[in-house]
Amino acid sequence: MSDIADWIGGIPLITRYWFFLTVGFTIVGKIGLVNPYYLVLLSDPFFKQFQIWRPISAMLFYPVNPMTGFHYLVNLYFLYQYSSRLETGLFDGRPADYLFLLLFNWACIAIASLTVGLRVMMVAGVMSVIYIWAQANKDVTVSFLFGTQFKAFYLPWVILLFNLIVSSAFIEELIGNLVGHLYFFLMYKYPLDLGGRSFLSTPQILYRWLPNRRGGVSGFGVPPASWRRPADDHQGGGRHNWGRGFRLGDE
């Protein structure tokens with residue numbers, strides 16, 4: 001039991017809550033404690049019956065069955081791996097900024113999902129995090145299936161192509177990639193690389209709830225010096241290493 005407790009305690013704070021809430025909502029829907037109908041995103045109940053919890057539950061719930069179980073486990077693994085790497089790398093010591101990233105991404109994914117009729121948003125949420133991690137570590141070499149190696153920059157699109165070939169489905173991955181790109185462009189690329197105005201900033205209330213800290217655990221990838229925002233320096237953050245190569249599945 002101590003090993004399990006140590007593993008749980010070693011998961012970064014925001015990732016830990018996201019991971020176990022995803023597991024919990026999925027189990028609750030699977031065993032029937034709550035009818036899965038009330039956990040998915042449907043436009044009419046959301047807008048006309050004010051069932052405002054649906055975007056939240058649809059991000060955390062996944063309908064597991066013999067056909068989707070493996071896909072769920074793969075994305076749960078991706079959630080654990082890449083959210084942990086992003087939280088302890090690019091956002092090391094800045095939990096409020098990472099929570100804001102997730103909230104922004106989830107809001108954009110909810111809007112897109114309501115537009116296209118997507119009922120479950122877990123995969124899109126995970127893909128948006130993978131996309132941002134890949135942008136922050138674009139020159140890192142990763143390995144995919146059958147030992148295929150390529151730059152991390154291509155990882156989100158390789159995953160999309162793989163799912164398109166295997167299941168003929170790609171809309172969730174595409175939405176996740178596009179939302180991840182939107183966040184990355186507005187937060188880093190446009191204001192810092194292109195000299196534009198800053199459109200995104202973490203609300204101060206999140207800093208009061210989750211104050212920044214110094215000396216976080218070392219992670220996988222941080223932005224170049226040109227990407228560092230003034231808010232990063234004001235709020236304080238850990239010191240980092242600029243990424244390293246790894247194989248998918250390495251601990």
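The values are calculated or read from the model by the stated rules, or taken from the named source; none is laboratory data. All values derive from a computational prediction rather than experimental measurement. Using ideal geometry, Cβ is built from the backbone for each residue, glycine included, and neighbour counts are taken over all protein chains shown. These accessible areas exclude ligands, DNA and RNA; they are computed on the full protein's heavy atoms, side chains included. Shrake-Rupley method; radii C 1.70, N 1.55, O 1.52, S 1.80 Å.
Going residue by residue through the range 213-234, is there one that turns out to be among the charged types (D, E, K, R), touching a strand residue (DSSP E or B) at 6+ places or on another chain (Cβ under 8 Å) and at pLDDT below 50?
In the first step, residues of the range 213-234 are kept if they are among the charged types (D, E, K, R); the result is 213-214, 228-229, 232-233.
The next check asks that each one be touching a strand residue (DSSP E or B) at 6+ places or on another chain (Cβ under 8 Å); those that pass are none.
No, every residue in the range 213-234 fails to be among the charged types (D, E, K, R), touching a strand residue (DSSP E or B) at 6+ places or on another chain (Cβ under 8 Å) and at pLDDT below 50.
Of the residues that sit in the range 186-203 and are part of a helix (DSSP H, G or I) and among the charged types (D, E, K, R), which one is surrounded by the most Cβ atoms within 10 Å (Cβ to Cβ)? Write out each step before concluding.
Let us first name the residues in the range 186-203 that are part of a helix (DSSP H, G or I), namely 186-193.
Within this subset, residues satisfying the condition of being among the charged types (D, E, K, R) are 189, 193.
Details: K189: 15, D193: 12.
Among them, the one singled out is K189.
Would you mention how many residues in the range 23-44 are small (G, A, S) and under 23 Å from the mean Cα position of the chain (by Cα)? Show your work before the answer.
Initially, the range 23-44 is screened for residues small (G, A, S), giving 24, 29, 32, 43.
Filter once more, so that each one left must be under 23 Å from the mean Cα position of the chain (by Cα): 24, 29.
Number of matching residues: 2.
Is it the case, given these coordinates, that W133 is free of Cβ contacts under 8 Å to residues at least 24 places away in the same chain and within 28 Å of S201 (Cα to Cα)? So that I can check it myself, show each step before the final result.
Numbers: free of Cβ contacts under 8 Å to residues at least 24 places away in the same chain: no; within 28 Å of S201 (Cα to Cα): yes.
So W133 fails the test.
Of the conditions (1) open to solvent by 70 Å² or more (accessible area, probe 1.4 Å); (2) more than 28 Å from V74 (Cβ to Cβ); (3) modelled with pLDDT of 95 or more, L206 satisfies every one except a single condition; which number is it?
In the conditions (1) open to solvent by 70 Å² or more (accessible area, probe 1.4 Å); (2) more than 28 Å from V74 (Cβ to Cβ); (3) modelled with pLDDT of 95 or more, L206 misses (1) alone.
Among the listed residues S143, S128, which satisfies the condition of being in contact with a Cys (Cβ under 9 Å, 6 or more places away or on another chain) and not aromatic (F, W, Y)? Break it down stepwise before answering.
Details: S143 fails: in contact with a Cys (Cβ under 9 Å, 6 or more places away or on another chain).
Exactly one of S143, S128 is in contact with a Cys (Cβ under 9 Å, 6 or more places away or on another chain) and not aromatic (F, W, Y), namely S128.
Would you mind listing the helices (runs of 4 or more DSSP H) fully within the range 114-185 where at least 1 residues are open to solvent by 50 Å² or more (accessible area, probe 1.4 Å)? I'd like the intermediate steps shown before the answer.
Details: elements: 122-136, 155-167, 171-184.
Passing ranges, in order: 155-167, 171-184.
Could you give every pair whose Cβ atoms fall below 7 Å, whose first residue belongs to the range 174-200 and is under 13 Å from Q135 (Cα atoms), and whose second residue is among the charged types (D, E, K, R) and open to solvent by 70 Å² or more (accessible area, probe 1.4 Å), counting only separations of at least 6 or pairs across chains?
Cβ pairs passing all conditions: none.
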